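J.: Have a look at this one.
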Amino acid sequence: MTENEERKDEIPDSREFQVAGQRALKKFIRGFASTWKLYRQSKTGLAGLSIVLGFFIVAIFAPWLAPYDKDFRAPAIDTFIADYASKNLTAEGNWTMVVGLTSPHRDHPLERVLAYSEDGTTLAYPVSRGINELTGESGIIVSDPSEIQLPANATYFSLVHYSTSFLFIMNTTDEGAVLYEYNSYQPTTTHVAFELVDSHNLSFVPKYNSNLWNGFSFVVQSARMAIAFADDHNVWMLNKRPPTVYDPGEDAVNFVNTLAVDDATIIGNPLVVDGDFDNGNMLFVPTDQGIRAYFLNLTKSTLTGVVSDITIGDLAWTRNYTIEDEPFEPVTGNHMLVFPYPYFPTTPLGKEYVVVASNAGEVVAFDRVTGNTSWSNKLILTGIRDFEITSLYSSPDFIIMVGKTETRGIIAGLNKDTGRVGENNTMFATVDSYLNSDPAYVSGQLMYVFSTEPGDIYLANSLLKINATFAAPGGGAVTPVSFLGNIYIEMSRGGNYFGVVTADDKLFMETLTGVNIAPLPPGSYPSGNYYPLGTDWEGQDILTQVMFGTRAELMVGITAAFFSVVIGTIVGLVAGFYSGFIDDILMRTTDVMLSLPYLVIMLLFAAAFGPSLMNIVIIFAILSWAGIARVIRSVTLSIKERAFVDAATVSGASDSRLIFRHIGPNVLPYTFLYMTFSISGAIVTEAILAFLGFGDPTNITWGMMLQYLQISGHSLDAPWWLLPPGIAITLLSLAFYLIGRAFDEVVNPRLRKR
Amino acid sequence: MAGMSRYIVARSIQTFVTLLIILTLIFIMFESLPAKPQDLLRTAPNIQQSQIDYMTSLYGYDRPVLERYAMYMVNMLTFDFGISFSRAETVWNILEDRIPRTMILFGGATILAYLIGIYLGALIAWKRGGVLDGSTVVVSLVFYNMPSFWIGLIFLVIFASELDWFPLTGWYDETDSILGLDPGTFLFKILDISWHMFLPMLVLLLLSLAGTVLLMRTAMLDVIGENYMITAKAIGLPERKVLFRHGARNAMLPVVTSFIIAFVFAIGGAVVLENVFSFPGMGALYIQALLQLDFPVAEATLYIITLMVLLGNFVADLLYSYLDPRVRI
């Protein structure tokens, strides 16, 4: 070896490298073998090592070992206890919608549920309230259906309570379309159930229709209702009123009007506003040249108040699509124009307006009477960068916006007077895919229900926060979800049901009030899943989380300990080698570091730097190298006295060579030793930081699991959630500690005889 | 005692200098936090710029760094902590109730842990190799590696929630009924506080005990092999005397050193446990202040905690020098 040192300037040839490499390898293997022989004499050491190896295996093979996928959530049927009913569909058909039929009487209880298929086959199921045979609790009872034939290919299907109940069904043919009026399920004095009462021919096939909300007409008091249909250039409007004492008769009085729009193309839904307003009732038509507002002329007898005619009058105003003189491109389609009306439509707001959205995410309101801008707003959704508005709806409290990003669907609530998305732009929710139903508002429960394309059903509260998600059993929903009605008293909280047809040809109904019983204790559940350690409050399987968390734990523990030990070793080596001033400074620093309450300061750093695993590693490394430095320094001091160091110094070795080539390798065993203890400490420290709220929310670790437990408020009643992460932390930390102790006996022979 | 007063003086100076360094470090760290107090003010919806300017000058954030540093050092050393950001009261008001609570909880647990731990550690080292030795070591090892808050939660679940022996939260509750005593009396207050503090102190005690027993045992085993111990036994001194007068007294040296380290560690444990048991002490305040970015309160709490730790170190060092004259040189 000395030969090599003298010829330092010569580049060694490859064979010398080979020999040197082989020699180093042999030395390493010999050292390792002797260490192992000593190590395995300690039973605790072997125990520790095997536990650590076990955790490593779990960490590496977690995706195959864990019972569920990393993002798995228990299905709603396990976590959400709600009354439901499921009935076979007794006929064949391509089912396209489910409609709830409510009674015209005061509280409008739900009494029939219709399943409609494309060819017109309709099954009407009578429903009522009673004791559910499955649960023994009060719930919905569904009786056997009767089959009726309705017009096929309905593109518009709506129930209106009006003096009795009517079903309006629009059926398209090649030449045009027909609007059919059917009596609802209750026979009247003149009509039987589901009897065709009237029909109207349209000369065109409509693309758009005016919104009727929840089957109520606009003018409840006079029971006057209006619907309008439009295609590119035509508008067809039907106004209806019941017979009065002055013109008694059996049937309602209809007023039909048409409007041709030749110089522009209609791009969205027409709106009829018949609210008995002082400044006139109106028809709004959105075209590509702007919104056109027409007066509706009501010929009303001043004596009797009976309306004898309704016609479309003059153009009241037209309005280009501009916000503060800047043109915008409007969102088009069947839900582009909305009139935010109050719950009781006859209460005039005094500030009525129609609302349109733009493709750039703006919403603007035009005054009903003048067409001037009432307000406009550029929508901000906190945390969402690019989104598109698809449609607008009206609900009693807000304007509801349905939109989408590239991958997710959005539902948002806009303030009716400003267009803002709630106070801090947070009144919205995003879901996994695009909505495929109109969001229905359930007034008795202050909730919205809607579904998305894959057939998932969502419940959102009145502030647009998602309360529950369902995948309907039997493969999911094939029809858009429909709010059916209430089988109890209208305003009570229970009894509201939604309905869908499921992929296995069943009619499925479930109540909107349910109880979320997550976290679930270990066991088997209705979905057929078995959760060996139960779930947390979001429905994630505990065992899966513990297994996947092993990776982050090991990574954090080992990395943090590694850096901490590296810093400590270097400091200790330098301090021990250069005694004197450098030693003094370094040791004073070490003393100061040791006397700091390190957890408290770590919290400060964590609060400052922000939550991330890398930050925790850095913080731990910065604050815990002191103990190791001390030990390494004293070891360095003792090694410095040994003969071979003198020999190397005499033969002209430089300082750095001495430190790293000669003293360093002899210090390494102590370094490894303290690294194991450091890993042990790092794991527990990370758990504490995560528990207090300073952990990394994007990477699940066992400490974060316990933090979620604490936050969810279930810390006292979910032992299956409390115990596994803590046991895992204790076990892993203990295992490294045992390895350290056993290794300690190898490195410090004095300890061996215990 | 030779050189004791000189040692005390030297150590005091060292402690004071360390304190200054730590204060400076705290100042630097708060300065380098990414969130400035002015930014926090801006999150309020209707705040005016003039109000922001007023607050800025009130708290002195518009002065240059060095001037603020000088003000800060003077304030800290005279215990003038200023006004809290999130509450409209002086920091000292908020702190003054909490300091004694944390001190009793944490100080009591640590002292008890050491007294018991030293005795127990020495005892099992003396009777080494038996079942008691093995089992105590295993139990201590397990407790030593448990996260403190987890044991706290488990104790809460078992003793407070299931068995209902102890209250779940808090420090003192006038609505409790203890032995039919009148809530106003001193005896009631003592008993009620002890009842509330029992669980957190028990948990802290167990945690500190684990480390102490292990350390004492190791130190004791080292000492037992020494020649003077064999001599003492050979002369015929009674076992108890050999064990405690000669053995333990020498073994206590590394234990007292570790008192410093474990004291530091236990402070962290107390901070976490206060959170778990909803104990209204300094640790809970510290975490709350950090999460709310309430700088004056966080700085003051950190300072007080560090001060306590430094004083603890100081006392420990004095104790150590009393026991081991070699240190005083």
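The values are calculated or read from the model by the stated rules, or taken from the named source; none is laboratory data. None of the values given here were measured: they were computed from a predicted structure. We place every Cβ from the backbone using ideal geometry, glycine too, and count neighbours over all the protein chains shown. Areas reflect the complete protein model, heavy atoms only, side chains present, ligands, DNA and RNA absent. Shrake-Rupley method; radii C 1.70, N 1.55, O 1.52, S 1.80 Å.
J.: Please specify each residue of the stretch A:711-723 satisfying the condition of being buried (at least 22 other Cβ atoms within 10 Å of the Cβ), more than 8 Å from chain B (Cβ to nearest Cβ) and in a helix (DSSP H, G or I).
T.: A:Trp721 - this is the single residue of the stretch A:711-723 that is buried (at least 22 other Cβ atoms within 10 Å of the Cβ), more than 8 Å from chain B (Cβ to nearest Cβ) and in a helix (DSSP H, G or I).
J.: Can you confirm whether the stretch A:450-469 contains a residue that is touching a helix residue (DSSP H, G or I) at 6+ places or on another chain (Cβ under 8 Å) and more than 20 Å from A:Tyr116 (Cβ to Cβ)? Write out each step before concluding.
T.: First pass over the stretch A:450-469, keeping only residues touching a helix residue (DSSP H, G or I) at 6+ places or on another chain (Cβ under 8 Å): A:468-469.
Still in the list and also more than 20 Å from A:Tyr116 (Cβ to Cβ): A:468-469.
There is at least one residue in the stretch A:450-469 that is touching a helix residue (DSSP H, G or I) at 6+ places or on another chain (Cβ under 8 Å) and more than 20 Å from A:Tyr116 (Cβ to Cβ).
J.: Answer yes or no as to whether A:Leu613 is more than 11 Å from every other protein chain (Cβ to nearest Cβ), surrounded by fewer than 21 Cβ atoms within 10 Å (Cβ to Cβ) and closer than 16 Å to A:Gly557 by Cβ.
T.: The answer is yes for A:Leu613.
J.: Please go through (1) at pLDDT 85 or above; (2) farther than 15 Å from A:Leu53 by Cα for A:Gly713 and return the number of the only condition it doesn't satisfy.
T.: (1)
J.: Moving on to the next point. Criterion first (more than 14 Å from chain B (Cβ to nearest Cβ) and under 24 Å from A:Thr701 (Cα atoms)) does A:Ile632 satisfy it?
T.: Against the criterion (more than 14 Å from chain B (Cβ to nearest Cβ) and under 24 Å from A:Thr701 (Cα atoms)), A:Ile632 does not qualify.
J.: So which residues in the stretch A:683-699 are more than 12 Å from every other protein chain (Cβ to nearest Cβ) and within 18 Å of A:Ser733 (Cβ to Cβ), if there are any at all?
T.: Hit for the stretch A:683-699 is A:Gly695, nothing else.
J.: Can you find even one residue in the stretch A:724-746 that is within 9 Å of chain B (Cβ to nearest Cβ), in contact with a helix residue (DSSP H, G or I) (Cβ under 8 Å, 6 or more places away or on another chain) and open to solvent by 50 Å² or more (accessible area, probe 1.4 Å)?
T.: There is at least one residue in the stretch A:724-746 that is within 9 Å of chain B (Cβ to nearest Cβ), in contact with a helix residue (DSSP H, G or I) (Cβ under 8 Å, 6 or more places away or on another chain) and open to solvent by 50 Å² or more (accessible area, probe 1.4 Å).
J.: Can you pull out the residues in the stretch A:601-610 that are over 14 Å from B:Leu291 (Cβ atoms) and either charged (D, E, K, R) or open to solvent by less than 20 Å² (accessible area, probe 1.4 Å) (or both)?
T.: A:Ile601, A:Met602 - these are the residues of the stretch A:601-610 that are over 14 Å from B:Leu291 (Cβ atoms) and either charged (D, E, K, R) or open to solvent by less than 20 Å² (accessible area, probe 1.4 Å) (or both).
Conditions (1) modelled with pLDDT under 90; (2) over 22 Å from A:Trp236 (Cβ atoms), marked per residue:
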| site | (1), (2) |
| --- | --- |
| A:Asn279 | yes, yes |
| A:Thr287 | no, no |
| A:Leu296 | yes, no |
| A:Lys300 | yes, yes |
| A:Val306 | yes, yes |
| A:Asp309 | yes, no |
| A:Asp325 | yes, yes |
| A:Glu329 | no, yes |
| A:Thr332 | no, no |
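J.: Please enumerate the residues belonging to the stretch A:245-261 that are in a loop (DSSP other than H, G, I, E, B) and over 46 Å from the mean Cα position of the chain (by Cα).
T.: Of everything in the stretch A:245-261, those that are in a loop (DSSP other than H, G, I, E, B) and over 46 Å from the mean Cα position of the chain (by Cα) turn out to be A:Val245, A:Tyr246, A:Asp247, A:Pro248, A:Gly249, A:Glu250, A:Asp251, A:Ala252.
J.: Considering only residues that are surrounded by fewer than 22 Cβ atoms within 10 Å (Cβ to Cβ) and in contact (Cβ under 8 Å) with a residue 24 or more places away in the chain, which ones fall in the stretch A:567-577?
T.: If the condition is that a residue be surrounded by fewer than 22 Cβ atoms within 10 Å (Cβ to Cβ) and in contact (Cβ under 8 Å) with a residue 24 or more places away in the chain, then A:Ile567, A:Val574, A:Phe577 are the ones that fit.
J.: Mind listing whichever residues of the stretch A:39-78 are in contact with a Pro (Cβ under 9 Å, 6 or more places away or on another chain) and assigned to a helix (DSSP H, G or I)?
T.: A:Ile77, A:Asp78, listed by residue number.
J.: Now a separate question. Got a number for residues in the stretch B:1-26 being in contact (Cβ under 8 Å) with a residue 60 or more places away in the chain, closer than 26 Å to A:Phe605 by Cα and of a type outside the set (Val, Ile, Thr)?
T.: Of the residues in the stretch B:1-26, 2 are in contact (Cβ under 8 Å) with a residue 60 or more places away in the chain, closer than 26 Å to A:Phe605 by Cα and of a type outside the set (Val, Ile, Thr).
J.: Being more than 9 Å from every other protein chain (Cβ to nearest Cβ) and small (Gly, Ala, Ser) is the filter; apply it to the stretch B:269-288 and report the residue that is surrounded by the fewest Cβ atoms within 10 Å (Cβ to Cβ). Don't jump to the end; show me each part of the working.
T.: Taking the stretch B:269-288 and keeping what is more than 9 Å from every other protein chain (Cβ to nearest Cβ), we get B:270, B:273-274, B:277-282, B:284-285, B:288.
In the following step, the residues that additionally are small (Gly, Ala, Ser) were identified as B:270, B:278, B:281, B:284.
Numbers: B:Ala270: 31, B:Ser278: 15, B:Gly281: 26, B:Ala284: 23.
Among residues in the stretch B:269-288 that are more than 9 Å from every other protein chain (Cβ to nearest Cβ) and small (Gly, Ala, Ser), the one surrounded by the fewest Cβ atoms within 10 Å (Cβ to Cβ) is B:Ser278.
J.: Name the single residue that is nearest to the chain's Cα centre (by Cα) among those in the stretch A:501-527 being modelled with pLDDT under 75 and assigned to a strand (DSSP E or B).
T.: The selected residue is A:Asn516.
J.: Surrounded by 18 or more Cβ atoms within 10 Å (Cβ to Cβ) and either in a helix (DSSP H, G or I) or within 14 Å of chain B (Cβ to nearest Cβ) (or both): does that describe A:Gly539? Show your work before the answer.
T.: Details: surrounded by 18 or more Cβ atoms within 10 Å (Cβ to Cβ): yes; either in a helix (DSSP H, G or I) or within 14 Å of chain B (Cβ to nearest Cβ) (or both): no.
No; evaluated as a whole, the condition is false for this residue.
J.: Answer yes or no as to whether B:Leu221 is assigned to a helix (DSSP H, G or I), facing another protein chain (nearest Cβ under 10 Å) and modelled with pLDDT of 70 or more. If you could, list the steps in order and put the result at the bottom.
T.: Details: assigned to a helix (DSSP H, G or I): yes; facing another protein chain (nearest Cβ under 10 Å): yes; modelled with pLDDT of 70 or more: yes.
For B:Leu221, the condition - assigned to a helix (DSSP H, G or I), facing another protein chain (nearest Cβ under 10 Å) and modelled with pLDDT of 70 or more - is met.
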